[in-house]
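Q: The structure follows.
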Amino acid sequence: MRIGELATKAGVSVRALRYYEEQELLYSERSTSGQRHYNDSAVDRVQLIQMLYGAGLSSKTVAELLPCVDAKVNTPESKARLAAERDRIDQQIVDLVKTRDRLDAVIELTLSPTNGCAIS
């Protein structure tokens, strides 16, 4: 399939697919005219990349982990890396809950209309 079709099927932009190729996360075959062509498994690959980005992993981390995913191998190093990423995400969740709680407290404040705080 061509790049536009992959973008549509995977729910990403063409620009994102080009970026994934630049980062060596995604590969295509080139036609004689230079057009990119992807196999059907590219949709799953792009969705996996999106999921890893959505979890907050960097391009570098994704690039380090994808060979293990491709080989269906979970090394002690990849396990440790994923566990560290999970711990980082857990901490972000804790921080976000604290931020939400603070925001809730501010929402509950009774503000005087003369305090000079006007948001429009």
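Please treat every number below as a calculation from the coordinates, not as lab data. All values reported here derive from a predicted model rather than from experimental measurement. Positions of Cβ are generated from backbone atoms using ideal geometry, with glycine treated the same way; all protein chains shown enter the neighbour counts.
Q: Under 12 Å from a point 7 Å along the Cα-to-Cβ line of Q92: which residues of the range 35-74 have their amide N that close?
A: 51-59
Q: Report the local net charge at S41: Lys and Arg +1, Asp and Glu -1, summed over other residues whose C-beta lies under 12 Å from its C-beta. Provide the component values of the computation, followed by the final result.
A: Numbers: positive: K9, R45; negative: D40, D44, D70.
With Lys, Arg at +1 and Asp, Glu at -1, the net is -1.
Q: Now for a separate question. If the viscosity is 1.002 mPa s and the temperature 20 °C, what translational diffusion coefficient in µm²/s does Stokes-Einstein give for the chain when Rh comes from Kirkwood over Cα pairs?
A: Working: Rh = 17.7 Å.
It diffuses with D of about 121 µm²/s by this estimate.
Q: Report the Cα centroid-to-centroid distance between the range 17-76 and the range 87-109 in angstrom, as an integer.
A: About 33 Å separates the Cα centre of the range 17-76 from the one of the range 87-109.
Q: From the backbone phi of the range 29-39, what are the Karplus-calculated ³J(HN,Hα) couplings (6.51 cos²θ - 1.76 cosθ + 1.60, θ = phi - 60°) in whole Hz, Gly and Pro given as x?
A: Karplus-based 3J(HN,Hα) across the range 29-39 equals 9, 10, 6, 4, 8, x, 6, 7, 9, 10, 7 Hz.
Q: What are the ³J(HN,Hα) couplings of the range 83-88, residue after residue, when phi is run through the Karplus curve with 6.51, -1.76, 1.60 and θ = phi - 60°? Round to Hz, x for glycine and proline.
A: 5, 5, 5, 4, 4, 4
Q: Here is a follow-up. Got the relative contact order for the chain handy, in percent, Cα pairs under 8 Å and 6 or more residues apart? Before the final figure, lay out each step's value.
A: Details: 62 pairs, mean separation 21.9, N = 120.
Over the chain, the number comes to 18 percent.
Q: Let me ask something else. Using θ = phi - 60° and the Karplus form 6.51 cos²θ - 1.76 cosθ + 1.60, what ³J(HN,Hα) does each residue of the range 42-54 get, whole Hz, x for Gly and Pro?
A: 5, 4, 4, 4, 5, 5, 5, 4, 4, 5, 5, 5, x
Q: How much mean residue ellipticity at 222 nm does the chain get from its helices, if each DSSP H run of length 4 or more adds -39500 (n - 2.57) and you divide by all residues, to the nearest 500 deg cm²/dmol?
A: -21000 deg cm²/dmol
Q: For q values of 0.18, 0.23 Å⁻¹, compute log₁₀ I(q)/I(0) with the Debye formula on a Cα-only model of the range 1-59, without solvent.
A: The Debye formula, applied to the Cα set alone, gives -0.56, -0.89.
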